[in-house]
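A short write-up of the structure that comes next.
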Amino acid sequence: MILRYSDAQLFRRLLTQVRPCAWRMIGVLLLTMVSAPLALLSPLPLKIVVDNVLAQRPLTPWIDHLVPAGIPRTMGGLLVLSSVLVVLIALLTQAQALAAAALSSATAQRLVLQFRTTLFRHMQRLSLAYHETQGTSNTTYRIGYDAPSIQYVLVDGLIPLVSALISLVAIGYVTFRLDWQLALIALAVSPLLFLFSHLSRGQMRSRYHQAKELESRALAVVHEVLGTLRVVKAFGQEDREEQRFHDRAVAWARAQRDNAVAEGMFGLLIGTTAAIGTGLTLYLGAAHVREGTLTLGGLLLVMSYLLQLYGPLTTLSRKAASIQTHLASLDRAFALLDLPPDVPERPAARRLARASGAIAFRNVSFAYGSQPTLRAVSFAIAPGTRLGISGRTGAGKTTLVNLLMRFFDPSQGQILLDGVDLRDYRLADLRAQFALVLQEPVLFHTTIRENIAYGRPDAREDDIVAAAKAADAHDFILRLPKGYDSLVGERGMQVSGGERQRISLARAFLKDAPVLILDEPTSSVDAATEAAIIAATERLMVGRTTLVIAHRLSTLEHCDARLSVERGQVRMTQGKANPAAPGPGEAPIAIPALGDV
């Protein structure tokens, strides 16, 4: 399994993500650090009771300085003091834990939200080619399941590590002051703990990385089947898909089991090592009590501190190892974030308010990977032209409009809108110039009103209704139980195909873009619905540059010019295009005549 980034690289990347929450992180760290002095105080009442109340010894000087002068040094006074201290320390500990938990949770959720938003923003800017090649489930998994690892690394991992280190120093110092020999014995095992952590770290991260990949593949089956459930049911392949999911889930479960065993073995080593240190310290401490160099209360205090000492040591060791599973997730998340968009926006990109609609292709070539799709395509149309595009499936018709909307950039040549290379425009401004109506209309699982207003979320109700009327959709919408507030269902399955298409046309009407692209808008509807849709598209094309993709030539009857796409080249089959206005010093570009390409 290839790991793309080292631990140091990942932590440097994480620091850039944490900047907006830096003050929150500092607050969590400070609150967590308060636990160290509270931990030092917690065994103190027991020592006072054992040594100074029951054994009636005088207070040791450093404790005597801590006890307020107004408290009597009698047995009763010290007993009351010890009891009050137990309650007070417990209250402070719980208050510290509550405040730290509340701020940690808020900070963690903010970090995850920001990181998920960053990944989602970048995912939308990746090319269609990436998503078509990689599929959507892997990207979804990285946003949904890998992104939260930023919380476990920084808030649940790094901050406890820092707190444990501070506690280790503080408790180690106090233990040395009480009995330096016991402190040396207790700390002698710490190098072994860190050695075990270092040896297991790399292997565990690789294991967890592989488990994440297997989990993502298993969930990909679920995502794919839910998206094609009608086909799965129609062909009776439920058992086959269940077996496919089962096989991948078994591989994932085995990886998880192996990781759990490996982590358990690591925990066994850590626990055994800590227990050996505790046993040796107890043996030597008892000898010191018998010799009179250490009081019984002092031994209890040392053993209490020792347990607290091994807590931070164990935390440091376990966190350094278990954090690898989350670093594996972040490795995957940052790998997605580092993918460059195939259609980058130039730093000084031009703004575009509203185009006139003049379009020109100049020697445009394009290939999907190593497969050529378009070869040296050249043509130009003037604003307001209706251009029909026909050709066999796979000839390159849809590729033409994908390049025009800059879903991809051409391998060679230029595409111009109003005489300017598409790559010189801001992407958002460029795509605002197009209204798209697809063969299979895409609706969102929300209301009809919101689907129509998708291109103009701030549209007024009157404008939405007017667009629906222009698309011949208003009447059937009013017949629905909730009218414009009716939900269309996932992918619009609560309405018919013709109704989905008319909602899609209404969306195009409302957007009012200067360039209209119709990609087989009537290919999947009956004759009566087709007539209604054609009438609506005729109204929609008025005053706009329009590109109509169709297999049936009857659909292109009202076009001013027609292009036939064959094997990645274009030929004029009927009509005559109105060339775009030439630039200074150049001849007008016309659609090449039959046989010219």
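Read-outs throughout are calculated quantities, based only on the coordinates presented, and are distinct from any laboratory measurement. What you are looking at is a predicted structure, and each value in this text was computed from that prediction instead of being measured. Positions of Cβ are generated from backbone atoms using ideal geometry, with glycine treated the same way; all protein chains shown enter the neighbour counts.
What ranking of 93, 295, 107 emerges when the number of other C-beta atoms within 10 Å of each C-beta is taken as an exposure proxy, fewest first?
93, 295, 107
Order of 509, 434, 235 from fewest to most other C-beta atoms within 10 Å?
235, 434, 509
In debye to the nearest 20, how big a dipole does the chain give about its Cα centre with +1 on each Lys and Arg Cβ and -1 on each Asp and Glu Cβ?
With only Lys, Arg, Asp and Glu charged at Cβ, the dipole is about 720 debye.
How many angstrom lie between the Cα centre of region 116-178 and the Cα centre of region 10-52?
One Cα centre to the other: 20 Å.
Short version: ³J(HN,Hα) in whole Hz for each residue of region 134-150, in order, from phi by Karplus 6.51 cos²θ - 1.76 cosθ + 1.60 (θ = phi - 60°), x for Gly and Pro, what are they?
8, x, 8, 5, 5, 5, 4, 5, 5, 6, x, 10, 7, 4, x, 5, 4
Sort 212, 482 so that the residue with the fewest other Cβ atoms within 10 Å of its own Cβ comes first and the one with the most comes last.
Fewest to most other Cβ atoms nearby, the residues stand as 482, 212.
Can you list the HN-Hα couplings for region 434-449, worked out from phi with the Karplus curve (6.51, -1.76, 1.60; θ = phi - 60°), rounded to whole Hz and with x for Gly and Pro?
My calculation for region 434-449 gives 10, 10, 10, 10, 9, 4, 10, x, 9, 10, 9, 6, 8, 7, 4, 4 Hz in order.
Please identify the DSSP H helices in the chain that span no less than 24 Å along the helix axis (Cα) and have a mean Kyte-Doolittle hydropathy of -1.0 or more.
TM-like helix candidates: 75-125, 159-178, 190-227, 238-291, 296-337.
Which one, 175, 477, 138, is farthest towards the positive end of the dipole of the chain when Lys and Arg carry +1 and Asp and Glu -1 on their Cβ?
Of 175, 477, 138, it is 175.
Across the chain, how many lysine pairs separated by 8 or more positions, or lying on different chains, have Cα atoms within less than 28 Å?
For the chain, qualifying lysine pairs total 6.
What value, in deg cm²/dmol to 500, does the helix sum -39500 (n - 2.57) over DSSP H runs of n ≥ 4 give at 222 nm once divided by the residues of the chain?
-19000 deg cm²/dmol
Test of understanding: what is the full-extension gain from residue 97 to residue 553, defined as 0.36 nm times their sequence separation minus their Cα-Cα distance?
Length difference between fully extended and current span is 156.8 nm.
With Rg/Rh (Cα atoms, Kirkwood Rh) defined as stated, name the option among (1) 0.97; (2) 1.18; (3) 1.62 computed from the structure displayed.
For Rg/Rh (Cα atoms, Kirkwood Rh), the calculated option is (2).
Could you tell me the ratio Rg/Rh of region 7-337? Both radii from Cα atoms, Rh via Kirkwood.
1.12
With the convex hull built on the Cα atoms of region 1-138, state its orientation-averaged projected area in nm².
So the Cα hull casts an average projection of 14.0 nm².
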